[in-house]
């Protein structure tokens, strides 16, 4: 139960960051909306199972939050270990690589997939920022 509370708190802090940088969030959201009007892959006649890969960067973003909640360092007397932060950084890199792969797999829907992946990476960056604060116990 504590894990879920902490994960939801980290998501809340991340959403505050996304709200603080609202022009970027709004711009990416509008880009996804505009590109989905002309080129939406989830229409019954055009849907292929490979189109579900577009949600993989978001799964990695939630894995970043789960890692931050699982390895939250609360002890101020001792220094936080470095390896949980390296795992967060590795997850961010893997999210970028998966995003590149998703855009390459989504043939015919490149603009939509690029905008959707950029929005998911923006959310993942906010999650990584808050998760790295949690694993190092160095809150801004």
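Please treat every number below as a calculation from the coordinates, not as lab data. For clarity, every value in this text was computed on a predicted model and none was experimentally measured. Cβ coordinates were reconstructed from backbone atoms using ideal geometry, including for glycine residues, and neighbour counts include every protein chain displayed.
Normalized C-alpha radius of gyration of the chain, against 2.2 N^0.38 Å? Before the final figure, lay out the partial values.
On the way: Rg = 16.7 Å, N = 140, 2.2 N^0.38 = 14.4 Å.
Scaled against compact globular proteins, the figure is 1.16.
Taking R0 as 35 Å, what's the FRET efficiency between residue 1 and residue 104 from their Cβ-Cβ distance, rounded to 0.05?
With a Förster radius of 35 Å, E is 0.30.
Using the basic label-point model (7 angstrom from Cα toward the beta carbon), what is the residue 42 to residue 94 distance in nanometres?
According to this spin-label approximation, the distance is 2.4 nm.
Once all Cα-Cα distances of segment 1-66 are split into 10 Å bins that start at 0, what whole-number percent is in each one?
Pair shares across the bins are 17, 34, 32, 17, 1.
Residue 52 to residue 76: extension gain in nm, 0.36 nm per residue of separation minus the Cα-Cα distance? Provide the component values of the computation, followed by the final result.
Numbers: separation 24, 0.36 × 24 = 8.64 nm, distance 4.25 nm.
In short, 4.4 nm is gained.
Kindly put 105, 65 in sequence by how many other C-beta atoms sit within 10 Å of each C-beta, fewest to most. Intermediate results must be reported in sequence, preceding the final value.
Values: 105 15, 65 27.
Fewest-to-most ranking of 105, 65: 105, 65.
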